[in-house]
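The values are calculated or read from the model by the stated rules, or taken from the named source; none is laboratory data. All figures in this text were calculated on a predicted structure; none of them were measured in a lab. Note that we place each Cβ from the backbone using ideal geometry, even for glycine, and neighbour counts take in every protein chain shown.
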Amino acid sequence: MPLISDWVARGDTTRASVIVVFASGVEAYLEAVSGLQAGLAKPFPSSVFIDLRSAQAEAELTAALSSGPQRVVITVGSEALTTMASRKADVAIIATMILRSDRPLASLAQPVQPHGVYLDVPLPRLLREIKFLLPGKFRCGMIRNASRKQRDPSLLIGAKPQEFSLEVAECSRPEDLVKSFLSLKGKADFAVLLPDSSLYNNTTVRPLIQASLESRLPIVGFSASFVRAGAALGVYPDFRDVGTQAAEMATRLIAGETALADEGPRKLQGAVNQRVLHLLGLSSIETPGLVIFR
């Protein structure tokens, strides 16, 4: 079987196209897709983008996977990765816009496990951003979902900087979220909420924001939409750049590089909700590139 890199060496990038599978309707996913489009446009202009929300998605994916003997598939989000897992296709997969703990590797019948550009942000890096945006606040609260079988957050994502303390509240059910959050009152200067679709959704975020305002405990969210909804701050990956990273990884893979390491986000984005900060009696440092919701 010819290698993808053989086709590239002959200049046959039409056969070496990349398939991108995603689900529209999620703002962060569309940002990543924008980065993928930009990153793949020049090296692989014949790349195929398949939206799982399209009525023709299944037929399009079947046709794309069967139109050439070897492909690279980039999955955006856990639904896209699960869809590819169910296909059991003999293709190289690059998974992105998921957490390491979310990748359903057990269901992947792949000869080689997928490479990944993951969204996990090491705690020291996260706290450095918070320290800059919210100076003078060093007591970090964090909600941990014990049902995800994770170790203590300070061990899971790196030792925290020495100047910070860490208070962890356990929560494994959405209905216990506010209670767990309020247990941090008086023990933390801010509460870091890590991405977890089993806890945070449109139903649970509203009462959590209300509890934040009433308890005067600011939330550090994990997306622009969270900050827009009422979190005081947000520190999260630059999702467009995550897409660009995945495109660059695909280019290296197609060029024949085999020793690819999984990657985390290269760039982080900071955001503040000025109205919420004002209600909590706080102020934040404004810096170039900071997203400000007023």
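For this structure, a couple of remarks:
- Qualifying positions in the stretch 194-233 - closer than 25 Å to L36 by Cβ, crowded, with 17+ Cβ neighbours inside 10 Å, touching a Phe, Trp or Tyr at 6+ places or on another chain (Cβ under 7 Å) and touching a residue at least 60 places away in the same chain (Cβ under 8 Å): P195, S223, V227
- Test: residue in the stretch 234-251 that is hydrophobic (A, V, I, L, M, F, W, C), assigned to a loop (DSSP other than H, G, I, E, B) and either surrounded by 15 or more Cβ atoms within 10 Å (Cβ to Cβ) or in the same structural domain as F44 (by TED's automatic domain parsing) (or both): no
- Taking the numbered list (1) at positive phi; (2) of a type outside the set (A, V, I, L, M); (3) surrounded by fewer than 15 Cβ atoms within 10 Å (Cβ to Cβ) in turn, S66 passes all entries but (1).
- Conditions (1) among the hydrophobic types (A, V, I, L, M, F, W, C); (2) outside any loop (DSSP other than H, G, I, E, B); (3) outside the structural domain of M142 (by TED's automatic domain parsing): number failed by V205: (3)
- Pairing residues of the stretch 265-294 that are outside the structural domain of A247 (by TED's automatic domain parsing) and free of Cβ contacts under 8 Å to residues at least 40 places away in the same chain with residues that are hydroxyl-bearing (S, T, Y) and not in a strand (DSSP E or B), at Cβ distances under 8 Å and at least 6 apart in sequence or on separate chains, gives Q274/S284.
- When L213, L184 are checked against the criterion of being more than 20 Å from the chain's Cα centre (by Cα), modelled with pLDDT of 95 or more and more than 17 Å from G234 (Cα to Cα), a single residue qualifies: L184.
- Of the helices (runs of 4 or more DSSP H) entirely within the stretch 1-114, those holding at least 1 residues that are in contact with a Phe, Trp or Tyr (Cβ under 8 Å, 6 or more places away or on another chain) and either in the same structural domain as G256 (by TED's automatic domain parsing) or at pLDDT 90 or above (or both) occupy 27-41, 78-87.
- F132 being in the same structural domain as P218 (by TED's automatic domain parsing) and either loosely packed, with under 15 Cβ neighbours inside 10 Å or modelled with pLDDT under 75 (or both): yes
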